[in-house]
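Below: one structure, written as structure tokens.
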Amino acid sequence: ESVDRMLGTNLREEMENLTKRTLTRGTMESILTELTFEIPKKWPLTFECYDNSHTNGQFTVASRSVIVNGKSETGLYRKYKLKTLEEDKIDDFESMREIMERRTIEGFEQNNFPTLIIIDGGKWQLSSALQGIERALKKYPGENEREMLPKICSLAKREEEIFIPWDNHSIHFDPGSAEL
């Protein structure tokens, strides 16, 4: 109560809201749990986020941002120039297939898979990402490789829906929650 008097009720509420929105390892674990993924024992927890963009239908690129144990790791960010698209073609699905194929190959070659991959988009973007991963798996046949793969989901920002593979229903985090 004395803190409320010193800070004022509104400021205290704002501080609590800011704390709730701050991403921590605990929040990352909560996200994995909500998505029904097992929390790995290994450290660190790494989330990679992927998005495609273009300029008026030209210069399509994909970008990767990385969060490790709740902190942005800008040194691990990456921009991908797409190799399979014709110069003036816009195809977000093929772009995502290519990027996930390339990222999966990198993961096998460098043993650096993240804990979770988050794709910008809905069900179809997620489906395209899985197709890219499957293309890479054909180059690395074997049972052990599948166990190494990260978990994956997509986030449709307009409706704030999260999709996971092989589930037709979307997942929603509470509005204003740290997970969202």
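The values are calculated or read from the model by the stated rules, or taken from the named source; none is laboratory data. Note that the coordinates shown come from a computational prediction; the quantities given were computed from them, not determined experimentally. When we count neighbours, we look across all protein chains shown, and the Cβ atoms used for this are built from the backbone with ideal geometry, even at glycine. These accessible areas exclude ligands, DNA and RNA; they are computed on the full protein's heavy atoms, side chains included. Shrake-Rupley method; radii C 1.70, N 1.55, O 1.52, S 1.80 Å.
Suppose we filter segment 59-81 for residues that are more than 29 Å from residue 29 (Cα to Cα), surrounded by 15 or more Cβ atoms within 10 Å (Cβ to Cβ) and free of Cβ contacts under 8 Å to residues at least 24 places away in the same chain; how many remain? Quick ask: steps written out before the conclusion?
Within segment 59-81, the subset more than 29 Å from residue 29 (Cα to Cα) is 59-61, 81.
Checking the rest, the ones that are also surrounded by 15 or more Cβ atoms within 10 Å (Cβ to Cβ) come to 60-61.
Subset that is free of Cβ contacts under 8 Å to residues at least 24 places away in the same chain: 61.
So the answer is 1.
So which residues in segment 68-86 are among the hydroxyl-bearing types (Ser, Thr, Tyr) and modelled with pLDDT of 80 or more, if there are any at all?
Step one: of segment 68-86, the residues among the hydroxyl-bearing types (Ser, Thr, Tyr) are 72, 74, 77, 80, 84.
Hits for segment 68-86 are 72, 74, 77, 80.
Within segment 160-180, restricting attention to residues that are in a strand (DSSP E or B) and of a type outside the set (Val, Ile, Thr), which residue is farthest from the chain's Cα centre (by Cα)?
Pass one, segment 160-180, residues in a strand (DSSP E or B): 161-163, 171.
From what's left, of a type outside the set (Val, Ile, Thr): 161, 163.
Numbers: 161: 13, 163: 11 Å.
Within segment 160-180, the match that is farthest from the chain's Cα centre (by Cα) is 161.
Can you name the condition, by its number, that residue 118 falls short on among (1) out of contact with any Cys (no Cβ under 6 Å at 6 or more places or on another chain); (2) open to solvent by 20 Å² or more (accessible area, probe 1.4 Å); (3) touching a residue at least 40 places away in the same chain (Cβ under 8 Å)?
It fails just one condition, (1).
Please verify whether residue 164 is surrounded by 18 or more Cβ atoms within 10 Å (Cβ to Cβ) and not small (Gly, Ala, Ser), treating the condition exactly as stated.
Working: surrounded by 18 or more Cβ atoms within 10 Å (Cβ to Cβ): no; not small (Gly, Ala, Ser): yes.
Against the criterion (surrounded by 18 or more Cβ atoms within 10 Å (Cβ to Cβ) and not small (Gly, Ala, Ser)), residue 164 does not qualify.
With the requirement that a residue be of a type outside the set (Ser, Thr, Tyr) and under 13 Å from the mean Cα position of the chain (by Cα), what does segment 131-159 give you?
The answer is 150, 151, 152, 153, 155, 156, 157.
Which condition breaks for residue 125 when tested against (1) polar (S, T, N, Q); (2) open to solvent by 30 Å² or more (accessible area, probe 1.4 Å); (3) not in a strand (DSSP E or B)?
If we test residue 125 against (1) polar (S, T, N, Q); (2) open to solvent by 30 Å² or more (accessible area, probe 1.4 Å); (3) not in a strand (DSSP E or B), just (2) comes out false.
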